[in-house]
Each structure stands twice: as C-alpha cells, then as structure tokens.
Amino acid sequence: MKLRIMNGRLLDPANQQDKLATVTVAAGRIVGIDSTADFQADMEIDAKGLTLVPGLIDLSVRLREPGNEHRATLESEMIAALAGGVTSLVLPPDTEPSLDEPGLVEMLKHRARKMHQANLYPLGATTLGLKGEALTEMAELTEAGCVAFSQANYGIPNLSILNRAMLYAKTFDYTLWFQPSEPSLSSGGVAASGPFASRLGLAGVPVQAETIALHALFELQRSNQVRLHLCRLSSAEGIELVRQAKARGLPVTCDVSINHLHLIDQDIGFFDSNYNLTPPLRSQRDREAITQGLLDGTIDAICSDHTPIDDDDKLMPFAQADSGAVGVELLFSLVYKWALENKVPVLDALSKITVNPYLILKAGAPALPPCGQLGVGAPADIALIDLDEYWQVSRKNLLSQSSHTPFNQYEVPGRVMKTLVGGRLVWERE
C-alpha cells in the first residue's frame, strides 16, 4: 500500500531533521520526504498538529512468554508497546524456561511475525538456565534470531565462566549484555543502602554491588576487547567507571531505565511496592549523575525496563513484593518530560530511544534493518505524537495486562496517537 503523511512535524535524530514535512511510503519503506511529485497514494494521513518520530526502540521489554502468561501475554504487551510508539522490542532471556534453546527463540519469533505488529529482538541466555555454570550454544541461538547474549538480572559469580563467555563472544563478534551487580552484595537487598533504607528497616544494596561488578567486567574485557552493553546503571560511581572505560577505548555502551531517570530512594515513601525495582532507586546525587551521563554521551540509551507483575505478587509488603514495573507505554512521555525539565533539545533526548539503541543492536547483529530513523529507504516504522497533550498515568489508561508503575497518577506530556510498522497503521488512539 502507498501512503502519504502530510502536514506533520518530522523529528529524526539520525539525520538531524526537525521540520514540517510530507512523508511518502511504499512497500513498507519511506520512499520520499517532501518529494511527492507523481506519487499516487492509496491512503493519506493528515498529521496536522502531530509530530512524526521514528518508531521507538526499547532495549528491555519483558513479554512474560513463555512461562508467565498469568502476568502478561505477547498480545497484551505488543499492543501496549504500540500504544507507546514502540515498534522494536528487545526481550531479555529470563523467561520460563529461559531463552537458552533455539526452539524457544524460533517459536517466539514466529508468533511475533504472525501478529504483524512490533518487531521482536530476543536476547539469548549467556549460560544454561541463567545459572552461571555452563555456556549456551551462542552460534545456534544467533541462527535462531538472537541479537546478543545476556544474563538478565542474574550475574555470573564464577569469573572463569565469565571470561570464557567473553572469549566465545569475541571469537564470533557477539555482544554481551550485563546488568552489573555483584550477587554476594545484592542478594536479598530491596532498597539502596543508606540512611533512608535503614530508617525503613529495609535490606540494602550498596553501590559497591554495581562498582565491583563493573571492575570485574572491565578487567576481563581489557584482555579480549569483547563488546559489552551494560544495562540499567544506577549510581554516580558506576557511571564514572563507564566514562573512564570509554576514555580508555574499551568497546562498551550502556543504558538507564526511565525509573532511575526521574525517581530517587525517598520516593519509596511509606513502603509503596510499586517502587521496588531492580536495581533499586538511589539518591538525588545518583539521579543527577544519570542526567549528566546522558548529556555528555557516557550513557547511550534509555529503556523502559518493562516488567509486568500481577496483583498477587505486587500488592505485598515492600520487601516481599516482586521487583519491577511496567513502562513501555510511558517511554516516550517520560523521556520527553525529562527533556523539558532539563532543557535538553528534543532531538538529543529522542536519540536515546531511537537511533542510539539501533546502533547498539546493529553492532552485534549486522543484518538488522535500519530502524530508529526516518531517512529515505528506512522501514516505515513511525509514531505520530501530540507533543502538547498531557495525560494521566492510571490503570484505565494503560493497555498492559499489568498496571503496576511508580508513575501512577503522574501527568505526563506527549501522547502517541498513531503507530505504523512497515508502513501499516497498526495502532490508533480512539
């Protein structure tokens, strides 16, 4: 189908474009920007008052399949993603069973293709069962569709196994994704160590859990130059270590979650379990360091860390509640809110959820199509957003099967009105 989108403001960080434009689409790709001569459209969209942005790329979206369909389903979370303008999802491997077997990856990819909605990019498990004991067959998992390898929220306590994983990945030019957390220091903790956690009587996770893990990763990386992506940094000290690693030329990228972009440990308030997150929320100083890291390029990307949890496991005393929150529908709005509050140019903020995540994925998956941009020839994955509309985060306004988020009742800017994937209108707000 041939499509013309008229009268919209086009924002494209990859090509540094911010202008009023007419975009033409054919065969699922963008074929023209402001070049409409002789183009006969089958369908037209008047985008007056709306902004066209590349379909967002979210680097951490748990779909809860297979194994936890009572919490969410592929169908429910795909729709939630599209409602947030997210057209490409990276799936961590901590499903049940974990993504350590090619058949599971192929099944998920097949189901996602049949739905004709968002693009799904699974991460393979680095070790069997995510137990940190034996490496998976990374080559077979790559053939099945994995774009990189991860331990999700699980570390590898055995440094010999970690070193072998790096050597294997370097040999075949794979990327390893790690959330830096030393298990012996973080196990059992539910809040950031410090005076606030102590007053609440909550078991703490010290900053050293992140920094010691980073020191180990970088020491091993230096000898083999494997490509690393670090997930969900949370501390000023950890960000500084990444800054130093990049300055030394180590091939490393990193992201933070929207939760840590806006919240600090004191937001836990009176034991609100919606704020039980991994890693835990840290201090105002740490949040300011995150903003600085985003501004100076130390932090490459922002993700939602979308983790649907059912009422039975979330509506519990803080320390007993499962960790995590939904966020894929909030990704754009919360990044835009951060940009407005910190006077960050919208193109710079948008790059953290479009072109930068694409480059992170592309490094380990060279065949990845050029998503996260609106240039001629790119897939027509597009979100149409009303930047001026503020909306309230609430159970009735979220489409995820779970509605547990620390941003409940927040007023946030920027609402997705339509989402296209491959030139098809796959979601539209009523």
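What is the ratio of the Cα radius of gyration of the range 309-367 to 2.2 N^0.38 Å, where N is its residue count, to two decimals?
On the way: Rg = 16.6 Å, N = 59, 2.2 N^0.38 = 10.4 Å.
For the range 309-367, the normalised Cα radius of gyration is 1.60.
Assuming 0.36 nm per residue, please report the length gained on full extension of the stretch LEU425 to ASP34 beyond their Cα-Cα distance.
On the way: separation 391, 0.36 × 391 = 140.76 nm, distance 2.05 nm.
Working it through step by step, the gained length comes to 138.7 nm.
Leaving out ligands and nucleic acids, note down the accessible area per residue over the range 1-89 with a 1.4 angstrom probe, in whole Å². Spell out each step's value before the answer.
Details: 3280 Å² over 89 residues.
Result: 37 Å² of accessible area for each residue.
Expressed in nm², what is the orientationally averaged projection area of the convex hull enclosing the Cα positions of the range 365-418? Please list the in-between numbers first.
Working: hull surface 23.6 nm².
Dividing the Cα hull surface by four gives the mean projection, 5.9 nm².
With θ taken as phi - 60° and the coefficients 6.51, -1.76 and 1.60, list the Karplus ³J(HN,Hα) couplings across the range 5-14 in order, rounded to whole Hz; mark glycine and proline as x.
Taking θ as phi minus 60°, the curve returns 10, 10, 6, x, 8, 9, 10, 9, x, 4 Hz for the range 5-14.
Please state, rounded to one decimal and in Å, the Kirkwood hydrodynamic radius that the range 183-272 gives when every pair of distinct Cα atoms enters the mean of 1/r. Before the final figure, lay out the partial values.
Details: mean 1/r = 0.0695 Å⁻¹.
Hydrodynamic radius (Kirkwood, Cα only) of the range 183-272 equals 14.4 Å.
Which residue, VAL252, GLN208, LEU334, has the largest displacement toward the positive end of the dipole of the chain when charges sit on each Cβ (Lys, Arg +1; Asp, Glu -1)?
Checking the options against the dipole of the chain, the answer is VAL252.
Rg and Dmax of the range 159-220, Cα atoms, in Å?
Spelled out, the Cα radius of gyration and Dmax of the range 159-220 are 15.1, 49 Å.
Taking the Cα atoms only, what angle lies between the long axis of helix 355-364 and the longest principal axis of the chain, rounded to 10 degrees?
60
Using helices alone, I'd like the mean residue ellipticity at 222 nm for the chain: each DSSP H run of four-plus residues gives -39500 (n - 2.57), total over residue count, nearest 500.
Values: 14 runs with 134 residues, N = 430.
Mean residue ellipticity at 222 nm (helix-derived): -9000 deg cm²/dmol.
Using the Kirkwood radius over Cα pairs, work out the Stokes-Einstein diffusion coefficient for the chain at 10 °C and 1.306 mPa s, in µm²/s as a whole number.
The Stokes-Einstein estimate is 73 µm²/s.
P(r) of the range 331-430 in 10 Å steps, Cα pairs, percent per bin?
For the range 331-430, the pair-distance distribution reads 13, 38, 37, 12, 0.
Compare PHE39, PHE407, PHE178 in a GNM of the chain, Cα atoms joined below 10 Å, and give the one with the largest fluctuation.
Highest fluctuation of the listed residues: PHE39.
Can you tell which of GLN179, GLN208, GLN320 shows the greatest fluctuation in a Gaussian network model of the chain with Cα springs below 10 Å?
GLN320
Would you mind checking the range 209-243 for residues with the amide N under 12 Å from a putative spin-label position 7 Å along Cα→C-beta of ASP296?
The answer is 237, 239-243, whose backbone nitrogens lie closer than 12 Å to the label point.
Evaluated at 37 °C with a viscosity of 0.692 mPa s, what Stokes-Einstein diffusion coefficient in µm²/s does the range 1-87 have when Rh comes from the Kirkwood expression over alpha-carbon pairs?
In µm²/s, the coefficient rounds to 219.
What value in Å³ per residue do you get for the convex hull of the alpha-carbon atoms in the range 247-343?
Taking the convex hull of the Cα positions in the range 247-343, it is 115 Å³ per residue.
Only Cα pairs within less than 10 Å get springs; with that Gaussian network setup on the chain, which residue of TRP338, TRP177, TRP391 has the largest fluctuation?
Largest GNM mean-square fluctuation: TRP391.
Counting Lys and Arg as +1 and Asp and Glu as -1, each charge on the Cβ, what is the dipole of the chain about the Cα centre in debye, to the nearest 20? It would help to have the intermediate numbers written out before the result.
Details: 37 positive and 51 negative charges, 139 e Å.
Charge dipole of the chain: 660 debye, to the nearest 20.
Between GLU389 and VAL376, what is the label-to-label distance in nm when each label sits 7 Å out along the Cα-to-Cβ direction?
3.2
Quick one: angle between helix 284-296 and the longest Cα principal axis of the chain, in degrees between 0 and 90, rounded to 10, please.
50
Can you run phi through the Karplus equation (6.51, -1.76, 1.60; θ = phi - 60°) for the range 114-124 and list ³J(HN,Hα) in whole Hz, with x for Gly and Pro?
For the range 114-124, the Karplus-derived couplings read 5, 6, 6, 10, 6, 7, 10, 10, x, 9, x Hz, x marking Gly and Pro.
Using the alpha-carbon atoms, what tilt in degrees (0 to 90, nearest 10) does helix 331-342 show relative to the longest principal axis of the chain?
Between the helix axis and the principal axis of the chain, the angle is about 80 degrees.
In whole Å, how far is the Cα centre of the range 334-378 from that of the range 94-110?
Centre-to-centre distance over Cα atoms comes out at 27 Å.
Based on the mean of other beta carbon atoms within 10 Å per residue, what is the order of 323-330, 197-204, 258-265, most packed first?
Working: 323-330: 26.0, 197-204: 15.0, 258-265: 22.0.
Listed from highest to lowest mean packing, they are 323-330, 258-265, 197-204.
For the range 275-410, take the convex hull of the Cα atoms, compute a quarter of its surface area, and give me that in nm², please. Spell out each step's value before the answer.
Working: hull surface 41.2 nm².
Taking the Cα atoms of the range 275-410, their convex hull projects to 10.3 nm² on average.
Amide H of ARG227: which non-local residues (sequence gap of 5 or more, or other chain) have their own amide H closer than 5 Å, using H built in the peptide plane?
LEU176
Just to be sure I understand: if I project the alpha-carbon convex hull of the range 46-111 onto a plane and average over all orientations, what area do I get in nm²? Let's see the in-between values first.
Details: hull surface 21.8 nm².
Result: a mean projected hull area of 5.4 nm².
Sequence-distant or interchain residues sharing an amide H contact under 5 Å with SER394, placed H: which?
For SER394, whose amide H was placed from the backbone, the distant partners under 5 Å are GLN409.
What are the ³J(HN,Hα) values, in whole Hz, obtained from phi via the Karplus relation 6.51 cos²θ - 1.76 cosθ + 1.60 with θ = phi - 60°, for each residue of the range 179-193 in sequence order, with x given for Gly and Pro?
Going residue by residue, I get 8, x, 7, 6, x, 5, 9, 9, 4, x, x, 10, 8, 5, 4 Hz, with x marking Gly and Pro.
Largest first and in whole Å, give the semi-axes of the range 130-192's equivalent ellipsoid, each being the square root of 5 times a Cα gyration tensor eigenvalue. List each step's numbers first, then the result.
On the way: eigenvalues 116, 32, 18 Å².
After diagonalising the Cα gyration tensor, the semi-axes are 24, 13, 9 Å.
If amide H atoms are built 1.01 Å from N in the plane of the peptide, which residues on other chains or at least 5 residues away come under 5 Å of the amide H of THR126?
Residues meeting the criterion, in which the H sits 1.01 Å from N, are SER150, GLN151.
Structure shown: which of LYS19/LYS246; LYS2/LYS48; LYS109/LYS362; LYS246/LYS362 lie over 25 Å apart, alpha-carbon to alpha-carbon? Could the numbers behind the result be given before it?
On the way: LYS19/LYS246 34 Å; LYS2/LYS48 19 Å; LYS109/LYS362 18 Å; LYS246/LYS362 19 Å.
Table pairs above 25 Å Cα-Cα are LYS19/LYS246.
Send over the semi-axes of the range 190-330's equivalent ellipsoid, whole angstrom and largest first, taken as the square roots of 5 times the C-alpha gyration tensor eigenvalues. Walk me through the numbers on the way to the answer.
Working: eigenvalues 154, 50, 39 Å².
Three semi-axes, in Å: 28, 16, 14.
Using only the Cα atoms, work out Rg/Rh for the range 231-278, with Rh taken as the Kirkwood radius, to two decimals.
Numbers: Rg = 13.7 Å, Rh = 12.4 Å.
Computed over Cα atoms, the ratio is 1.11.
The values are calculated or read from the model by the stated rules, or taken from the named source; none is laboratory data. In this text, all values refer to a predicted model and were calculated from it rather than measured experimentally. Positions of Cβ are generated from backbone atoms using ideal geometry, with glycine treated the same way; all protein chains shown enter the neighbour counts. We work out accessible area using only protein heavy atoms, side chains counted, and drop any ligands, DNA or RNA first. Shrake-Rupley method; radii C 1.70, N 1.55, O 1.52, S 1.80 Å.
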